[in-house]
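The values are calculated or read from the model by the stated rules, or taken from the named source; none is laboratory data. Here the structure is a predicted model, which is why all the values come from computation and not from measurement. Note that we place each Cβ from the backbone using ideal geometry, even for glycine, and neighbour counts take in every protein chain shown. Calculation scope for accessible area: heavy atoms of the full protein, side chains included, ligands and nucleic acids excluded. Shrake-Rupley method; radii C 1.70, N 1.55, O 1.52, S 1.80 Å.
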Amino acid sequence: MKREIIVTNDGSTTIHLPEWNESYHSKHGAIQEAYHVFIKNGLSSFKANSVSVLEIGFGTGLNAFITCLEVLKSGQVINYVGVEAYPVSVEEAMQMNYISQLAKNQSDIFKSLHHSPWEEEQQLTANFSLTKRQQFFQDISDTNTFDLIYFDAFGFRVQPELWSDLIFQKMYDALRPNGILVTYACRTSIKNAMLLAGFSVKKLPGAPGKREMLRAIK
């Protein structure tokens, strides 16, 4: 499938798949969406010293990068697990402009995110460990392991099977009690799948260009 790098409305880049008319991040702004959905409405909810994060759709590494940058400011200890069935190549990831847009003095972190071996835990900074797992989402079998899930799969329009009650049941099981799942999406069918899995679900204002998003609590 053809892939191209495009610039989104906030000046940050993403990968676009013309055949699906689908992008890894919002065309309205990759970085601003990541901060709004996953940091403001996800990570910022936790005041604990240690937080375990599961990312569904590691992709370009943007969400992991901004999370690590947040840790440098907050001092929290983050155990980060990124799941991706079809990893982005290192060469393609290095064409993203996230270093120049976010933190020119932290280029080593972004490079380490992508050069780190898969299936092995790596300590990228004193407070941020990363494990990348090449895995289909339906094969996730973690139980009571994570405090927070970044659910950043391709959209329902192109991959509805990734937004089913079966997948959200696996997400529910993977979270600890009172754990939180946040996602950019807000379809009634997605909300219903979350509710069927046992979540308490709330609609929140979406990132720029999107009206609403969802936050689900175990």
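One residue stands out among those in the range 125-160 that are touching a residue at least 12 places away in the same chain (Cβ under 8 Å) and acidic (Asp, Glu): the one that is nearest to Ala64 (Cα to Cα), which is Asp152.
Residues checked against (1) within 13 Å of the chain's Cα centre (by Cα); (2) modelled with pLDDT of 95 or more:
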{"residue": "Ile31", "(1), (2)": "yes, yes"}
{"residue": "Gly42", "(1), (2)": "yes, yes"}
{"residue": "Gly75", "(1), (2)": "no, no"}
{"residue": "Val81", "(1), (2)": "yes, yes"}
{"residue": "Ile99", "(1), (2)": "no, yes"}
{"residue": "Lys104", "(1), (2)": "no, no"}
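For the range 196-207, the tally of residues that are open to solvent by less than 70 Å² (accessible area, probe 1.4 Å) and under 18 Å from Ala34 (Cβ atoms) stands at 3. For the range 44-64, taking the residues that are small (Gly, Ala, Ser) and not in a strand (DSSP E or B), the one that is modelled with the lowest pLDDT is identified as Ala48. Residues in the range 141-166 that are open to solvent by less than 20 Å² (accessible area, probe 1.4 Å), farther than 28 Å from His115 by Cβ and touching a helix residue (DSSP H, G or I) at 6+ places or on another chain (Cβ under 6 Å): 1 in all.
Thr67 falls short on exactly one of the conditions (1) part of a helix (DSSP H, G or I); (2) of a type in the set (S, T, N, Q); (3) open to solvent by 10 Å² or more (accessible area, probe 1.4 Å), and that condition is (3). Pairing each residue of the range 109-124 that is in contact (Cβ under 8 Å) with a residue 24 or more places away in the chain with any residue that is open to solvent by 50 Å² or more (accessible area, probe 1.4 Å) and among the basic types (Lys, Arg), provided the two are 6+ apart or on different chains, yields no C-beta distance under 9 Å. Would you point out the residue of the range 85-140, among those that are part of a strand (DSSP E or B) and closer than 14 Å to Phe58 by Cα, that is most open to solvent (accessible area, probe 1.4 Å)? Taking the candidates together, the pick is Gln134. For Gly59, the conditions (1) touching a Cys at 6+ places or on another chain (Cβ under 7 Å); (2) within 26 Å of Ser164 (Cβ to Cβ) all hold with the exception of (1).
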